[in-house]
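Contents: one structure, followed by commentary.
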Amino acid sequence: MKLPKELLNGCIIFIGIAVYFLLMNVMGYGNSFYLRLVNIFFVFYGVNRTIKMNIDNGEKSFVTNAVSAMFTSLVGVFLSIIGLISYSYMKGGDQYVQSLSKTFLFGGNPSIFTYSISLLFEGIASSVIVTMLLLLYWNNRLATD
């Protein structure tokens, strides 16, 4: 059974982010806020791969590519949030999330649920931004061909 390209590339985004964050934790850089921002490159890679696969298959419609790209990035975001929740519970639950929040944008003592919901909203917003940037890039590139 062949997975749809959106699911496949969403899983690639998730695997890239998961391996990257686990590697950062092993190397002792898990608290570095700036290194956490690198995960956007995995989202760019997965979404770009989906759009390129669509174009290679002859699908050049802006709307179709937009839906496909958004679905890809949202799969990556949802899988990453589920992975974070699972990892947080394995590492000690709310205490682990509170240690993360010291280097993130939170004050107080967020729960796993609060932390995950806020990251979900941030992930959805970044998915929209990445999707629109790549769609504009490919739309301009196709217009000049």
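Observations
- Relative contact order of the chain, defined on C-alpha pairs under 8 angstrom at six or more residues apart (%): 30 percent
- Protein accessible area in the chain, 1.4 Å probe - carbon and sulfur %: 68 percent
- Number of Lys pairs (Cα under 19 Å; 8 or more positions apart or on different chains) in the chain: 5
- Protein heavy-atom accessible surface, 1.4 Å probe, per residue over the chain: 60 Å².
The values are calculated or read from the model by the stated rules, or taken from the named source; none is laboratory data. These numbers come from a predicted model, not from an experiment. Only protein heavy atoms, including side chains, enter the accessible area calculation; ligands, DNA and RNA are left aside. Shrake-Rupley method; radii C 1.70, N 1.55, O 1.52, S 1.80 Å.
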